Structure formats: C-alpha cells, structure tokens
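Q: Quick one: the structure is below, questions incoming.
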Amino acid sequence: MSKPATRRARKRNRSISLPGGETVPQPATQGARHDLAPQEDPRMVALAVRERITGLTGADALAPDQGDAMGRCIVNLCSGQDRSDMLNLWRGMTGARANYMMRYIGQTGNPKGAAFGFISEAIETDQSLRIDIRSPEDKAAQAVASWTTWLAKINALPLVYKWPINNALGLSLGAVCLWRNQAPTPQGKASVAALRVLCGAS
C-alpha cells in the first residue's frame, strides 16, 4: 500500500497505534470537535434566564422594556399612557447619558466596555445621502449639552426624588437593587415615583 493510501486509511480508522499493538481513538481535529458544540440553544438559555428574572413567559419576557431593572419596574408599576411616557423619558435620559459617556468621556460607563480600547478611523461616505455631517467635536458638544440639560432637570427635583433617580442611573455610590424576586424593590418603587415627578416636570 502506498504512503498516501496508508494515510487515508489511518484517517478513516480514526485511531492511533501504540507500542504493543494497542490502539486509541484519534482525538477530533479542530473544526470537528463535537464535544465543544453547545448542548443547548443559547436563545433558549437566555429566554429561561429572562423568564426567571421577570416572572413572564415567552415573547413577553423578551420584550425590550424588560431588558433592564428600571424598565421592568416601570412596566410593573405603570399602565397606559403613563407607562409609555415614562418609558420614553427613561430611554431618552439613559440614551443621553450613554451618548455623553462615549463621546465626551470615551467610556461606555459599563465595566466590561471600559476594558476595550477604541481607535477611531476616518470613514468616507456618500455626501448625497442624508447623513449627520457634524464634526466629532460638534457631536461631543451636543452630547454634553443634552446630558447637562437632563442633569439640570434632575438637580431641580427635591432631594427625596433626586436620589432615587441618581440611584436608578447608577450615579450613586454602592450597588442599588431596583428589581428582586420578580418584583420592584422599595428602591425600585421610589425610582419610578421620582421618574413620574420628573416626567410631569419635563
């Protein structure tokens, strides 16, 4: 048998010959490692976790408003137009803060994101399209102005409302739990009450 034929036969056997005539199964090569394949569909794992956290099932548990603790508190404690207005206010506020953190501070504000470096590149675009043609400095200035406006609104609140909003935004020292055991905590309820006051003041 020729050498190439011997190699092909050895590959088909998927075994390694050892001294003394013993053989052992050949380990799988990279790209064919069945032991590394996920045993469960990651989407089902994520759904199970979200269902456990929210107490909801299926698509209800995966709704975007269930993605963070404050969103869950708002959905749990509010209804109708009040819920819609407060969710819009919360998303606007957190979006302004995230934009400020990325454009002015250069960090996401989240520990995981803070560990990754980012090097900006010049990107050429088709100027005939409707795009944002502001310079990076203009965008950073707008991000600062937007977040400063939100901070002014928060700081104008009485202290009893200002602290719960800061806690919900993660601006206070120490960990604050807004949602536990599939329900809002007292801190979560206080944050929603403060957000309702801010919503009326906006």
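The values are calculated or read from the model by the stated rules, or taken from the named source; none is laboratory data. Just so it is clear, the structure is predicted and the values come from calculations on it, not from any experiment. Here the Cβ positions follow ideal geometry from the backbone for every residue, glycine too, while neighbour counts run over all protein chains shown.
Q: Do we have Val192 as at pLDDT below 90, in contact with a helix residue (DSSP H, G or I) (Cβ under 6 Å, 6 or more places away or on another chain) and surrounded by 19 or more Cβ atoms within 10 Å (Cβ to Cβ) here?
A: On the way: at pLDDT below 90: no; in contact with a helix residue (DSSP H, G or I) (Cβ under 6 Å, 6 or more places away or on another chain): yes; surrounded by 19 or more Cβ atoms within 10 Å (Cβ to Cβ): yes.
Judged against the criteria, Val192 is not a match.
Q: For region 145-182, give me each residue that is within 16 Å of Arg196 (Cα to Cα) and of a type outside the set (A, V, I, L, M, F, W, C).
A: Lys153, Asn155, Pro158, Tyr161, Lys162, Pro164, Asn166, Asn167 - these are the residues of region 145-182 that are within 16 Å of Arg196 (Cα to Cα) and of a type outside the set (A, V, I, L, M, F, W, C).
Q: Within region 168-182, how many residues turn out to be hydrophobic (A, V, I, L, M, F, W, C) and assigned to a loop (DSSP other than H, G, I, E, B)?
A: From region 168-182, those hydrophobic (A, V, I, L, M, F, W, C) are 168-169, 171, 173, 175-179; that's our starting set.
When the remaining residues are screened for being assigned to a loop (DSSP other than H, G, I, E, B), the result is 171, 173, 175-178.
Of the residues in that region, 6 qualify.
Q: Continuing with this model, one more query. Considering every residue within region 67-74, establish whether at least one is assigned to a helix (DSSP H, G or I), more than 25 Å from Ala152 (Cα to Cα), modelled with pLDDT of 85 or more and not β-branched (Val, Ile, Thr).
A: Looking through region 67-74, at least one residue is assigned to a helix (DSSP H, G or I), more than 25 Å from Ala152 (Cα to Cα), modelled with pLDDT of 85 or more and not β-branched (Val, Ile, Thr).
Q: Here is a list: Val192, Val197. Which entry is in contact with a strand residue (DSSP E or B) (Cβ under 9 Å, 6 or more places away or on another chain), in a helix (DSSP H, G or I) and in contact (Cβ under 8 Å) with a residue 40 or more places away in the chain?
A: Val192
Q: Still on this structure, please answer the following. I'd like the full set of residues that are free of Cβ contacts under 8 Å to residues at least 12 places away in the same chain and touching a Lys or Arg at 6+ places or on another chain (Cβ under 9 Å), limited to region 65-112.
A: If the condition is that a residue be free of Cβ contacts under 8 Å to residues at least 12 places away in the same chain and touching a Lys or Arg at 6+ places or on another chain (Cβ under 9 Å), then Gly67 is the only one that fits.
Q: Check Lys153 against each of (1) touching a residue at least 60 places away in the same chain (Cβ under 8 Å); (2) under 20 Å from Arg97 (Cα atoms); (3) charged (D, E, K, R) and name the one condition it does not meet.
A: So Lys153 meets the others, but not (1).
Q: If I filter region 154-167 for residues that are outside any helix (DSSP H, G or I), crowded, with 17+ Cβ neighbours inside 10 Å and at pLDDT 90 or above, do I get at least one hit?
A: Step one: list which residues in region 154-167 are outside any helix (DSSP H, G or I), which gives 156-158.
Filter once more, keeping what is crowded, with 17+ Cβ neighbours inside 10 Å: 157.
Next, from what is left, pick out any that are at pLDDT 90 or above: 157.
Among the residues of region 154-167, at least one is outside any helix (DSSP H, G or I), crowded, with 17+ Cβ neighbours inside 10 Å and at pLDDT 90 or above, which makes the answer yes.
Q: With the requirement that a residue be of a type outside the set (D, E, K, R) and more than 20 Å from Ile105 (Cβ to Cβ), what does region 143-164 give you?
A: Let us first name the residues in region 143-164 that are of a type outside the set (D, E, K, R), namely 143-152, 154-161, 163-164.
Scanning region 143-164 gives Ala156, Leu157, Pro158, Leu159, Val160, Tyr161, Trp163, Pro164.
Q: Would you be able to say whether some residue in region 112-132 is in a helix (DSSP H, G or I), modelled with pLDDT under 90, of a type in the set (A, V, I, L, M) and farther than 18 Å from Met70 by Cβ?
A: The answer is yes, given that some residue of region 112-132 is in a helix (DSSP H, G or I), modelled with pLDDT under 90, of a type in the set (A, V, I, L, M) and farther than 18 Å from Met70 by Cβ.
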